[in-house]
1. In the chain, what percentage of the DSSP-assigned beta bridges are antiparallel, given to the nearest 5?
2. Counting only C-alpha contacts under 8 Å and six or more residues apart, can you give the relative contact order of segment 4-137 as a whole percent?
3. Express the C-alpha Rg of the chain as a ratio against the empirical globular expectation 2.2 N^0.38 Å, rounded to two decimals.
4. Just to be sure I understand: with springs between alpha-carbon atoms less than 10 Å apart, which residue in 111, 22, 51 has the highest mean-square fluctuation in the Gaussian network model of the chain?
5. Just want the ordering: 163, 5, from fewest to most Cβ atoms lying within 10 Å of their own Cβ.
């Protein structure tokens, strides 16, 4: 597994704490959008120190093999983070599965950057990590995410009732999956 990948328009990288300021800017620019679909944030989430801590923590999880977060940069703006794609709860043994999650800057949505980045991460999961099954969850009202997952070949498996606490309230999620060909 490499720490940097490229697609036609993107550079996809694993980052450490030295990128805390860029990560913070990414989260702050679309705070309202991201928080609509995520759990409540800890009070110091929107600080450079917290972002440095999280980047270093996530970097350490790669060694343990439990999660990987890739940060997405457009080649034409090599210092600007426009999205993240993560593989979480990586399980091997008889499972060979994990969850994929993503978020992209509103300024870059509708331009197929997300699908370009996620296709590369799917390839990494299936070929380099030997994952058999990818799972993705999203809230039923998140139409852009549903359309993206369907366009990437994920199939709907069902509804998980009160699956995750989002902004202080347990919310249903749809479960999608993609199997290695």
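No lab work stands behind these numbers, since they all come straight from the coordinates. Computed from a predicted model, the values in this text were never measured in an experiment. So basically every Cβ, Gly included, is an ideal-geometry build from the backbone, and we count neighbours across all protein chains shown.
1. 90 percent
2. After rounding, I find 24 percent.
3. That ratio works out to 0.99.
4. Answer for the Gaussian network model of the chain: 111.
5. Fewest-to-most ranking of 163, 5: 163, 5.
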